[in-house]
Amino acid sequence: MFPFFFDPTYIIVVPAILLALYAQMRVRNAYARYSQIPTARGLTGAEAAGEILRRNGLSSVQVERIDGVLSDNYDPRTRVLRLSSGVYDGASIASVGVAAHETGHALQHAAHYAPLWLRSTIVPVAQFGSFLAWPLFFIGFLFHSGASWPLMELGILFYSVSVAFTLITLPVEFDASGRAMRALTSEGLVTSDELTGVRAMLSAAALTYVAAAATAVLELARLLLLANMRRED
């Protein structure tokens, strides 16, 4: 068996790590670029979000400012859309695009979009599973006995829930971006040229979710491989 500090199975995850780094670079570059380009109508992210919500009969959804950079999110439990300061106050293509994407989640919620409901439902289980998965697996991995196999299997089971969460996130995020693009177009909040910038921004952001899902799936494959190697040892 290989020494614990040297794990050749890490090579399985390397492609996903590289993809994640590339995705983060694309997001940073896209946000930096389109944050400098103002929209023709001069709408801030908060104003664009409010306009989309109002025109879709969702004026009851609150739009709030939060700290951080690209920490924007929609909370379906409280029906609150939170925008980072740069997005909330910014009157740029990037700000409007990010705000519209998060508003897309509010539109999903109002339309009872099933994947959003499913993702929200399994969040506590996924967080709990992610917290316990690795400790359980490696306790079982270190102690080479019959009793260790159930611990490894339980760790893999918990981690599988986290993997399911990342996979469910993909259609949720893609659909939110699609709703954002349609809302911005149909309601004339951006020009056709500006829409190209919004699309580039949202496409870069979508790649980060693809990278997260790929990393989770390959990490699960790595755990299964490690468990099989331990059984054969």
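The values are calculated or read from the model by the stated rules, or taken from the named source; none is laboratory data. Worth saying up front: this structure is predicted, and the values here are computed from it rather than measured. Here the Cβ positions follow ideal geometry from the backbone for every residue, glycine too, while neighbour counts run over all protein chains shown.
Taking only segment 48-74 into account, find how many residues are farther than 22 Å from Val27 by Cβ and in contact with a strand residue (DSSP E or B) (Cβ under 8 Å, 6 or more places away or on another chain).
Number satisfying all stated conditions: 6.
Take segment 30-45 and flag every residue that is of a type in the set (A, V, I, L, M, F, W, C), over 21 Å from the mean Cα position of the chain (by Cα) and closer than 18 Å to Gly104 by Cβ.
Once the filter is applied, which keeps residues that are of a type in the set (A, V, I, L, M, F, W, C), over 21 Å from the mean Cα position of the chain (by Cα) and closer than 18 Å to Gly104 by Cβ, segment 30-45 yields only Leu43.
Going by the structure shown, is Ala99 under 16 Å from the mean Cα position of the chain (by Cα) and modelled with pLDDT under 90?
Answer is no for this residue.
Name the single residue, out of those in segment 102-128 being of a type in the set (A, V, I, L, M) and more than 14 Å from the chain's Cα centre (by Cα), that is modelled with the lowest pLDDT.
If we take residues in segment 102-128 being of a type in the set (A, V, I, L, M) and more than 14 Å from the chain's Cα centre (by Cα), then Val125 is modelled with the lowest pLDDT.
For segment 20-48, which positions are of a type in the set (A, V, I, L, M) and either surrounded by fewer than 16 Cβ atoms within 10 Å (Cβ to Cβ) or in contact (Cβ under 8 Å) with a residue 60 or more places away in the chain (or both)?
Ala20, Leu21, Ala23, Met25, Val27, Ala30, Ala32, Ile37, Ala40, Leu43, Ala48
Please go through segment 64-87 and pick out each residue that is in contact with a Gly (Cβ under 7 Å, 6 or more places away or on another chain), buried (at least 17 other Cβ atoms within 10 Å of the Cβ) and of a type in the set (A, V, I, L, M).
Leu83, Val87
Mind checking which residues of segment 179-233 are outside any helix (DSSP H, G or I) and more than 26 Å from the chain's Cα centre (by Cα)?
Glu187, Gly188, Thr191, Asp233
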